[in-house]
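Chemist: Okay, here's the structure, questions in a sec.
Throughout, read-outs are computed from the coordinates displayed, never taken from laboratory work. The structure displayed is predicted, hence computed values, not measured ones. Every residue, glycine among them, receives a Cβ derived from its backbone with ideal geometry; neighbour counts consider all protein chains shown.
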Amino acid sequence: MSNTTTYNRSDAIELAPGIFHLGVSDENNSFANIPYLILSGDEAVVIDPGSAREEFFAVVLAKINQVLDGDLTRIKHIVVQHQDADLCAAIPLLEKYITEDCKVYAPLEAQVIIQHFGAKRRVNPLDDGDTLTFGEGRVLTFAMTPYCHFVGAMVTYDSQTKTLFSSDAFGGFSSENDLYANDNYPIQLATFLGEYLGSKRALEYALKRIEQLDAQHGIDLICPQHGCVIPKNKISEYLAIVHELEVGGQIDALAHKNGIIM
């Protein structure tokens, strides 16, 4: 695990062998945007390439160039874990630098939305339990987490480093550029998940699926698309915290305001 405690706009950070944090801190909205790159041999996978905003994409592109020594033709796969623009609107921008044989993958339901961001290549649909083998035999496994917070949502597991890319799960609001979750992160996590997830049942399924992966294979690192990375020694603590979260509070507040009985 990296000894670095913060990230910046210029340096990609290797969190585990071959896994690089490409994060962009959004101080104005307290909402970090964190793509990841996985490198195995001569092939690379980009997980959630990020925003199309110029100031965001410029940071991600510079960090990818840094990791790949300027050779973006090594990117052979782009994985999108759900359809939000902050995860995948950058695909058309990245297409300017990659080769035609690079493939894009996403849950089937997300594919319907992703096409509207203007990417030229088709999106290859994924289902629960599908795998992707690349580079020197490195294997990614995809687990669907529907309605967390979109019907076509998933997490990605790297068996080589036992890293879980958790998409919005375990994500949090943060105005800082802390790399790893600290004592303030439970509040930041609760604020984000409490607002952006509407179904406790969907959240519980996602958590239990993640716990199943942990029991079967082990998880040493959780890498969310927002907020902070969670190291192995804090994973059980954060699983317990998220299990206790109340989600969908906006509905109750508006129902009370408008005299609607739920």
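Chemist: Using Cα pairs closer than 8 Å and at least 6 residues apart in sequence, work out the relative contact order for the range 25-129, in percent.
Modeler: Across the range 25-129, relative contact order equals 23 percent.
Chemist: In whole Hz, with x marking every Gly and Pro, tabulate ³J(HN,Hα) for the range 227-232 from phi via Karplus 6.51 cos²θ - 1.76 cosθ + 1.60, θ = phi - 60°.
Modeler: x, 10, 6, 10, x, 4
Chemist: If I build a Gaussian network model for the chain, linking alpha-carbon pairs within less than 10 angstrom, which residue out of VAL79, VAL139, VAL242 has the largest mean-square fluctuation?
Modeler: It is VAL139.
Chemist: Also, quick follow-up: What is the fewest-to-most order of CYS102, CYS223 by other Cβ atoms lying within 10 Å of their Cβ?
Modeler: Ascending Cβ contact count within 10 Å gives the list CYS102, CYS223.
Chemist: Give, as a single signed number, the net charge of other residues whose beta carbon lies under 11 Å from the beta carbon of PRO107, with Lys and Arg counted +1 and Asp and Glu -1.
Modeler: Around PRO107, the surrounding residues sum to -4.
Chemist: Mind checking the dipole of the chain: about its Cα centre, +1 per Lys or Arg Cβ, -1 per Asp or Glu Cβ, Debye to the nearest 20?
Modeler: Using only the charged Cβ atoms, the result is roughly 400 debye.
Chemist: Could you state the orientation-averaged shadow area of the convex hull built on the Cα atoms of the range 118-262, in nm² to one decimal?
Modeler: Averaging across all directions leaves 11.3 nm² for the Cα convex hull.
Chemist: Among 151-160, 226-235, how do they line up by average Cβ neighbours within 10 Å per residue, starting with the highest?
Modeler: Listed from highest to lowest mean packing, they are 151-160, 226-235.
Chemist: Tell me the relative contact order for the chain as a rounded percent, counting alpha carbon contacts under 8 Å between residues six or more apart.
Modeler: 16 percent
Chemist: Under a cut-off of 18 Å between alpha-carbon atoms, report the lysines in cross-link reach of LYS96, not counting same-chain residues fewer than 8 places apart.
Modeler: Filter leaves LYS63, LYS76, LYS120.
Chemist: With unit charges on the beta carbon (Lys/Arg positive, Asp/Glu negative), name the residue among ILE251, ASN3, VAL123 whose Cα is farthest towards the positive pole of the charge dipole of the chain.
Modeler: VAL123
Chemist: What does the convex hull of the Cα atoms of the range 76-201 come to per residue, in Å³, rounded to a whole number?
Modeler: 137 Å³
Chemist: DSSP loop (so not H, G, I, E, B), at most 14 other Cβ within 10 Å: list which GluC sites (Glu not before Pro) in the range 101-194 pass both filters.
Modeler: GLU136
Chemist: Using +1 on the beta carbon of Lys and Arg, -1 on that of Asp and Glu, and nothing else charged, what's the dipole of the range 1-103 about the Cα centre, debye to 20?
Modeler: Around 60 debye, computed over the range 1-103.
Chemist: Going 7 Å from the Cα of ASN28 in the Cα-to-Cβ direction, what parts of the range 138-174 have a backbone nitrogen less than 17 Å from that spot?
Modeler: Only 174 pass the distance filter.
Chemist: Further question: Please give the length that would be gained between ASN184 and ASP11 if that part of the chain were fully extended, namely 0.36 nm times their separation in residues minus their C-alpha to C-alpha distance (nm, one decimal).
Modeler: 59.8 nm
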